[in-house]
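Engineer: To start, I am sharing the structure in question, which I have written as structure tokens.
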Amino acid sequence: MYVLGIETSCDETSLSVVNKRRVLSNTVWSSLNLHAEFGGVIPEIASRQHLKSLSFVFSRSLEKAGIGKKKIDLISVVSSPGLIGSLLVGINFARALGYALGLPVIEIDHLKAHLFAAFLNNRSRINVPSLGLVVSGGHTELYWMQGFENVRVLGRTRDDAAGEALDKVGRLYGLGYPAGPLIDKLFDLSLVNKRLFEIKGLRHTLDFSFSGIKTKAGYMYKQRNGRFSKEEKIGILSSFQYGIVSHIIEKINSALSQYKVRRIICGGGVAANFFLRQSLIELCRRKKLRLFLPDIAYCSDNGSSAAGLGFYMYNMSKGLGNNNQ
Ligand code: KG4
Ligand code: ZN
């Protein structure tokens, strides 16, 4: 079954073709360069760029997959959460295409799609009690889940998302946008001060909070008028990333002491972070849990995850079972 996945929730126009869970094409067209000078995504620019690029990204995606549009069996589109103007462009494209080709259109959840990324290109069973973690530029959330139709939120950020905090602090310290991947690259554990950005509040819940350490990083910058040696700057940014990852790991540990699960599923742009990935691998090794991490290519917003999840949800809605591979 060929599924076309459409993702336009933020600045990426991504259309992909997935056959069951095997990715045949993953075409991503980003308007990121147009937002960089503003230090964040400008919604109006993002939706206009989706309008411009959807048609050719669609053609390119089919070409790469080696199929014509008549071969598509199902269209899956991300419908929320995200920038409303951008989402509407994708949803209307999906509905118009579905109408023209006489195909079913399924609308799916952006955050669940991030988690489904870990099941692309493999045949692992899905319906197993798991802890889900979405870490992206807009969200940081922890879930108990059994399959993708039975998902309960255990905790979420009360202020900034992890990626948002990394982007804002990185920008202040002179890195480009988005700063998350740049901080990841310059991260140096030997320069980390583990106490500097320790997050002490919210011990009694599974909610996250990153704004306190973000503000602290801002004060430190002001105090020194932004004058730091290169090594000092790397030390501060590495400590900041360390603080964020430690907070995430602490929350996962608390959740594991309360919920019996056999594995952890992680997704979202920040799931590409090397230190976070290493920390999750280490945690799962110690706790004897299975870890599901997407390939780096499927961490950020992409149509393949949308297609994979759409196929799964469609089969569930038709009573065709939930471990379809
Ligand atoms: O999932 P995503 O593409 O979009 C949202 O749904 O928000 O995530 C984008 C976020 C940005 O904040 C970006 O800085 C962050 O993911 N990000 C990273 C890395 N790659 C992307 N953060 C840390 N390390 C990375 N390697
Ligand atoms: Zn996303």
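The values are calculated or read from the model by the stated rules, or taken from the named source; none is laboratory data. Note that this is a predicted model, so its numbers are computed, not measured. Virtual Cβ from ideal backbone geometry, glycine too; neighbours counted across all protein chains shown.
Engineer: Return yes when Val28 is part of a strand (DSSP E or B) and within 15 Å of ligand 1 (Cβ to nearest atom) and no when it is not.
Structural biologist: When the stated conditions are applied, Val28 passes them.
Engineer: Do you know which residues across segment 37-71 are more than 23 Å from Tyr2 (Cβ to Cβ), of a type in the set (Val, Ile, Thr) and in a loop (DSSP other than H, G, I, E, B)?
Structural biologist: Val41, Ile42
Engineer: Do the conditions hold for Ala271, that is, is it within 16 Å of ligand 2 (Cβ to nearest atom) and not β-branched (Val, Ile, Thr)?
Structural biologist: yes
Engineer: Quick one: which of Gly155, Gly147, Gly102, Gly98 is loosely packed, with under 15 Cβ neighbours inside 10 Å and either of a type outside the set (Gly, Ala, Ser) or more than 14 Å from ligand 1 (Cβ to nearest atom) (or both)?
Structural biologist: From the options Gly155, Gly147, Gly102, Gly98, the qualifying one is Gly102.
Engineer: Out of the residues in segment 251-288 that are small (Gly, Ala, Ser) and touching a residue at least 60 places away in the same chain (Cβ under 8 Å), state the one that is nearest to Trp144 (Cα to Cα).
Structural biologist: The residue in question is Ala255.
Engineer: If I filter segment 72-80 for residues that are part of a helix (DSSP H, G or I), touching a residue at least 12 places away in the same chain (Cβ under 8 Å) and over 16 Å from the mean Cα position of the chain (by Cα), do I get at least one hit?
Structural biologist: no
Engineer: For His139, only one of the following conditions fails: (1) crowded, with 20+ Cβ neighbours inside 10 Å; (2) farther than 24 Å from Ser305 by Cα; (3) near ligand 1 (Cβ under 10 Å from one of its atoms). What is its number?
Structural biologist: For His139, the exception is condition (2).
Engineer: State yes or no: is Ile248 away from ligand 2 (no atom under 16 Å from the Cβ) and touching a Ser or Thr at 6+ places or on another chain (Cβ under 8 Å)?
Structural biologist: yes
Each row is one residue, and each column tells you yes or no for (1) more than 24 Å from Lys200 (Cβ to Cβ); (2) at pLDDT 95 or above.
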| site | (1), (2) |
| --- | --- |
| Ser238 | no, yes |
| Glu250 | no, yes |
| Ser254 | no, yes |
| Gly267 | yes, yes |
| Asn273 | no, yes |
| Lys288 | yes, yes |
| Leu293 | yes, yes |
| Gly308 | yes, yes |
| Met316 | yes, no |
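Engineer: Could you check segment 286-323 and list, in sequence order, the residues that are on the phi < 0 side of the Ramachandran plot and more than 23 Å from the chain's Cα centre (by Cα)?
Structural biologist: Arg286, Lys287, Asn315, Met316, Ser317, Lys318, Leu320
Engineer: Among (1) small (Gly, Ala, Ser); (2) near ligand 1 (Cβ under 10 Å from one of its atoms); (3) over 16 Å from the mean Cα position of the chain (by Cα), there is one condition Ser124 misses while meeting the rest; what is its number?
Structural biologist: Looking at each condition in turn, Ser124 falls short on (2).
Residue-by-condition table, conditions (1) modelled with pLDDT under 95; (2) surrounded by 15 or more Cβ atoms within 10 Å (Cβ to Cβ); (3) small (Gly, Ala, Ser):
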residue: Ile6; (1), (2), (3): no, yes, no
residue: Arg22; (1), (2), (3): no, no, no
residue: Ser25; (1), (2), (3): no, yes, yes
residue: Leu54; (1), (2), (3): no, yes, no
residue: Ile72; (1), (2), (3): no, yes, no
residue: Ile75; (1), (2), (3): no, yes, no
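Engineer: Let me ask something else. For segment 118-141, how many residues meet the condition of being within 16 Å of ligand 2 (Cβ to nearest atom) and under 30 Å from Asp159 (Cβ atoms)?
Structural biologist: 11
Engineer: What number of residues within segment 1-25 are outside any strand (DSSP E or B) and under 24 Å from Lys168 (Cα atoms)?
Structural biologist: Result for segment 1-25: 4.
Engineer: If you take the residues in segment 204-245 that are charged (D, E, K, R) and in contact (Cβ under 8 Å) with a residue 24 or more places away in the chain, which one is surrounded by the most Cβ atoms within 10 Å (Cβ to Cβ)?
Structural biologist: Taking the candidates together, the pick is Lys214.
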